[in-house]
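Just below is one structure, and these are the notes that go with it.
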Amino acid sequence: MARILVVDDHGINREFLETLLRYAGYEVVQASNGAEALAIAREQHPDLVITDVMMPVMGGVEFADRLHADSTIAKTPIIFYTATYRDPQARALADSVKVSTVLIKPAEPQAILDAVASALDLGPAPSLVPETAATYPSFLAAKLPAYMRDLVSLQNRLRRMHDQAIEQRPALSVPATDQEQISYSFQMLSLRLTKLLELSLALSSERYSENLLARFCVVAQDIMSCRYAAAGIFNADDRRLSRWGSAGFSDEDKRRLGQMDPKSGVLGDVIASGAPHRATRQDRVTTLGLPATHPPINALLAVPVPMRSAVPLVGWIYFADKTNGRPFDREDEQLATTLAAQLSLAHGNLALYEEIQQHAVRLELEVSERRRAQDELAHRMTHDQITGLPRFVLIEEHLQSAIIEAAAHGTRIVVLYVDMDRFHTINETRGRSVGDHVLRVVGERLTAMVHGRGWVAHVAGDEFAAVLLDTTGAKDQLELADAARQRIGKPIQHSEQRVYITCSVGVSCYPDNGTSAQELLREAEAAMLRAKREGRNAVCAFSNEHKQELEDTRALGMRLRDAIRDNEFIVHYQPMINGQDWQIQGFEALVRWQNPELGLLGPDRFISVAEELGLIVDIGSFVIESACEQIRQWLDMGINDFLISVNVSAPQLHRPDFVEEIRACLLRWKLPAGYLELELTESATTENVESVASAMRALKALGVRIALDDFGTGYSSLAYLRHFPADKLKIDQSFVRDITSDASSAGICRTIISLGHQLGMSVLAEGVENAAQVGYLLRNECDAFQGFYFSRPVAAGKALDLLRHRFITQDTALQRPREQTLLLVDDEENILRALSRALRRDGYRILTATSAREGLELLAENDVQVIISDQRMPETSGTEFLSQVKQMYPETLRMVLSGYTDLTAVTDAINRGAIYKFLTKPWNDDELRTQIRDAFRIAQRQERAKSAETS
């Protein structure tokens, strides 16, 4: 039995979760805040933690951080149960503390159980809805028995007797005694029906469960005209009453009867049979198993109460001794059954009302909780989580305010930009925890140096910025920078390790070097880079002579304008390699500047300048036109099955006529749209999301392929991503670079690959430079690669030679250990030939069979992972054939491809697991290739899992 720790500062939330989880068979432990939960987790080692985010003493975020920092419990999965999900930052908050699942308050109980089962990897969660349920009103569901319809029968009977009483013809001779009997019966039934309606209103207005049964018994006693009335509700697995009400008994009798065994004697028989029971003195009513303390009775009527509840509740009501001394009759039984149905309905509605009230309380708390969460999220967005220091944006604001004040008072401001030298080696050799400790100490040392006379910020990674308000001017700016270098360079003790570090410091000064915050920070960073170039562990002050470099940048901008006019730009092409068969699937078009004076310049020299000067749109249009022209030339040479991918800048994408520009270019060069792929950077898609999504849909309608470039480096929301009709995700090279040595980079790459596949996209890794990177990405099912390991960007002529050869030779160590084998089964050979032509390009080993028997023979002789079978074949159907294959080769992935659909047979085969997917003829080649590629991916995953189990 899994043990789950529930953490919430509101007891009502904890009780709700405990009730639900215990219903599903889990053991539950409670804590009211993160500190208490952390102590319990260390002592009891729960299998899962469900925690609120905002709590006193210690919140859920800090709790998650501390739990992951404790190696004994670091692997415990956590689910955030919070009301702040509507803000995209809430998901980012969970990701920042390695929490993968967020549940939304108020969550449906079934959704909670599903999330718990997924986190514990237990398979499907237990269903809250019984198989016989007619409806599912939140947490309550049950189907009432058929005898609830007795109320309708009673009403119809009343109507018939009424008609008999008022419509007797004068010609008919009706004895006076019969007329009196009819009149009496009519009056009694009318009176009882009136009381039933009153009871229904009384019960529906009751809002406290402890009063419900007592009120019911008082009214029911009057309706039944009896001496005693009692009602009990209890758990089907228990022998103690959970709720009890009565009328006609003394207080002492009520107390004793409330402790009775609810399953004893006739009451247990009523529950077991589900049918009413009547007894009289002649039936020895005193021996029916009622408690010995029960008052003596002469007649008894007991009926079961059908309960509507997700937990196994049962109930009964009984009535004893009619006031007229007569035994209970069939009419009394019908009336009692109706009363039981009314009690069941009232009890179920009251339970639902109580649940709604609980949800209302939680909703009232949501506003304050969200406000607290927003404050915490705002702090996390503006402060680094490792050092606790402000991020770069805050220090820029502080600096700008300080400049205004310094200008008014004629004082000086010193800006330091600090970068740790070779900091990555600390993470690589001593671990991430040591690296984080070093960053915290560096931040503390800089803060101590500033000492209330400025601000310190953690810019990014191993970079810091400090602003000092120098009101005296006693020290030179270089002296201040060197003091910071020496302070940071002191050894840092961590546990039993001593860490030695150095840093490079750049410094700028107001008003000597600049008059704006951005200018001073940029100059300090430039000085820091110069200190690194001079050998590291050094300081460098920004000199106004360095401003010449800025002037050079401006001059470069002027040349850029001339370059566009003089057609000095050229396009090189870098191959994109299919990870399945190492074929070139296309090229990325990369612009180069062939400057007569400066030579061949890469985009890193001029793209940023072009963006600042607004020239990037013209350059982008040139690259798109060049790429389309190149596609046309290669198509005219008889080369096909490739694409050229072009980067699109944010200003291009947001132009209102961009889609029409692409349409016109395709028409001008008479190109099939599928040969052109547009790469949109993640940062470009986050601006005006709706407009971007609309443009992407319009491009997809043209048939153009869409790729999201540099994925993971921007600030896009996953909520937006799922609305973008992209075909491909490109992992940024910054993550690929350290993939074999940095766990974070590796984890990000795995996540992007998984995310892309879940969203139906292929995934390409950029910046691949060695075999180890390729091997790791292959094992994690990356689809394609691009980088210097395969080829540098080349001119169009060289690209044509590569495209004609198609394959790029790889190390044998990177070849897949198991050949991907596909079996095609169809009685029409022309279909087999068409399928083989469509799929051969993907590098599969393809086997064909024209009958099920021949297919089984091939399966016996070959290691096949994926099978595609026709449905209608002479000897047997495809579903029957694949059902047999499932029994003999359960590890295969089996699909049906057919133009004829026997829905019953196919549905049955899918339900039994014989078929993985059902595809229809005629097929789309690209869609079919995608489905088969996904099938092989699943087969590889299953094979790895099997290998891990046996090892």
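Quick notes on this structure:
- Rounded to whole Hz, the Karplus (6.51, -1.76, 1.60) HN-Hα couplings of the stretch 698-704, x for glycine and proline: 5, 5, 5, 5, 5, x, 6
- For Trp244, the accessible area of its heavy atoms, probed at 1.4 Å with every protein chain present, is near 60 square angstrom.
- In this calculation the C-beta distance from Val218 to Asp926 is compared with R0 = 60 Å, giving a FRET efficiency of 0.25.
- If you sort Leu345, Leu339 by accessible surface, 1.4 Å probe, largest first, the order is Leu345, Leu339.
- In this rough spin-label picture, where each label sits 7 Å from Cα along the Cβ direction, the Leu759-Arg430 distance is 3.9 nm.
- Distance between the 7 Å Cα→Cβ label points at Glu545 and Arg330: 11.7 nm.
- Our coupling estimate for the stretch 621-632, obtained by passing each phi through the Karplus curve with A = 6.51, B = -1.76, C = 1.60 and θ = phi - 60°, is 5, 4, 5, 5, 4, 5, 5, 5, 5, 5, 4, 4 Hz, Gly and Pro reported as x.
- Projecting the Cα atoms of Ala483, Val441, Ala457 onto the dipole axis of the stretch 410-568, where Lys and Arg carry +1 and Asp and Glu carry -1 at the beta carbon, places Val441 farthest toward the positive end.
- Virtual spin-label span in nm between Gln358 and Phe788, 7 Å along Cα→Cβ: 6.2 nm
- Set of the stretch 379-419 residues, backbone N closer than 19 Å to the point 7 Å along the Cα-Cβ line of His451: 412-416
- With all protein chains modelled, accessible area of Ile915 [1.4 Å, Å²]: 10 Å²
- Glu15 sits with roughly 100 Å² accessible to a 1.4 Å probe, with DNA, RNA and ligands left out of the calculation.
The values are calculated or read from the model by the stated rules, or taken from the named source; none is laboratory data. Because the structure is a prediction, the values reported are computed rather than measured. Note that each Cβ is placed from the backbone with ideal geometry, even for glycine, and that neighbours are counted across all protein chains shown. Calculation scope for accessible area: heavy atoms of the full protein, side chains included, ligands and nucleic acids excluded. Shrake-Rupley method; radii C 1.70, N 1.55, O 1.52, S 1.80 Å.
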